[in-house]
1. Hey, among 82, 133, which residue is of a type outside the set (D, E, K, R), out of contact with any helix residue (DSSP H, G or I) (no Cβ under 6 Å at 6 or more places or on another chain) and surrounded by 15 or more Cβ atoms within 10 Å (Cβ to Cβ)?
2. Report yes if residue 29 is surrounded by fewer than 16 Cβ atoms within 10 Å (Cβ to Cβ), modelled with pLDDT of 95 or more and in contact with a Phe, Trp or Tyr (Cβ under 6 Å, 6 or more places away or on another chain), otherwise no.
3. Among the listed residues 140, 127, identify the single one that is small (Gly, Ala, Ser) and exposed (fewer than 15 other Cβ atoms within 10 Å of the Cβ).
4. Looking at 137, 149, 122, 129, which is the one that is of a type in the set (Lys, Arg), touching a Lys or Arg at 6+ places or on another chain (Cβ under 6 Å) and more than 26 Å from residue 31 (Cβ to Cβ)?
5. With the structure loaded, tell me whether residue 135 is out of contact with any Phe, Trp or Tyr (no Cβ under 7 Å at 6 or more places or on another chain), modelled with pLDDT of 95 or more and at negative phi or whether it fails that test.
6. Surrounded by 14 or more Cβ atoms within 10 Å (Cβ to Cβ) and either in contact with a helix residue (DSSP H, G or I) (Cβ under 7 Å, 6 or more places away or on another chain) or part of a loop (DSSP other than H, G, I, E, B) (or both): is that true of residue 159 in this structure?
7. From (1) outside any strand (DSSP E or B); (2) surrounded by fewer than 16 Cβ atoms within 10 Å (Cβ to Cβ), pick out the condition that doesn't hold for residue 91.
8. Of everything in the range 38-70 that's among the hydroxyl-bearing types (Ser, Thr, Tyr) and touching a residue at least 24 places away in the same chain (Cβ under 8 Å), which residue is farthest from residue 152 (Cα to Cα)?
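The values are calculated or read from the model by the stated rules, or taken from the named source; none is laboratory data. Keep in mind it's a predicted model, so treat the numbers as computed, not measured. FYI the Cβ positions are ideal-geometry reconstructions off the backbone, even for glycines, and counts take in every protein chain you see.
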Amino acid sequence: MTRLPPSTSMLAVLLLALAAPAAAESWRLEHEASGDDTGLHMWSRSVQGSAYPEYRMELRLRAAPDEVVGALETNMFDSRTWPDNFQRKVLEQRQGFVLAYDYISVPLLADRDAVLRIESLRDPETGARRIEWSTTREAGPAPRSGVVRMPRSDGFWSVEPDGEGGSRAVYQAFVDFAGSLPGSLVSSSVESSILEQVGWLERTLRERLLARRR
């Protein structure tokens, strides 16, 4: 996935605002691992009108922002890293932009799908990186019979240098699965998926570092 060089000042302000500590009263701490290398903290909060919560995670990583985003892009576009019930098809790709169609198989219930706009940004002065995504109804295939089109799926990864050769990363996302999926079941699955993604990211960064040293 290629990168789009945006206005430096505008991106810097955006990254600063979205990477602020998740200290708002509405956030509830769900997971903490401050004793390990990641210093990981994950919160959730209710979203008005939805049975599904929004999630936010902050962590440290022992890799520069470009390396972190490179691994994240691998996870986003390499089917070998996806769960068995997930498929993604790239519909359009140009500099800094991808239009993708996602399909999620749901046992015993209706499958879900969504069309996503995914953008990649880089601040050339600070080295900060950002990947953001959101659903769109203006492009992609029409809804399929028997498949629930998810009305909203949006979020971002914001990754900035920590001044010590590593990165401070923020992940925030909300998915409205719609239909009759139980909120408690979805929440448990989403939290596990986020933590599994962090584990995959750490392993990938560690393996790539070891490969460069050989």
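1. From the options 82, 133, the qualifying one is 133.
2. No; evaluated as a whole, the condition is false for this residue.
3. Going through 140, 127 in turn, just one is small (Gly, Ala, Ser) and exposed (fewer than 15 other Cβ atoms within 10 Å of the Cβ): 127.
4. Just a single option satisfies the conditions, and that option is 122.
5. In short, yes.
6. Criteria met by residue 159.
7. (1)
8. Out of the qualifying residues, it is 38.
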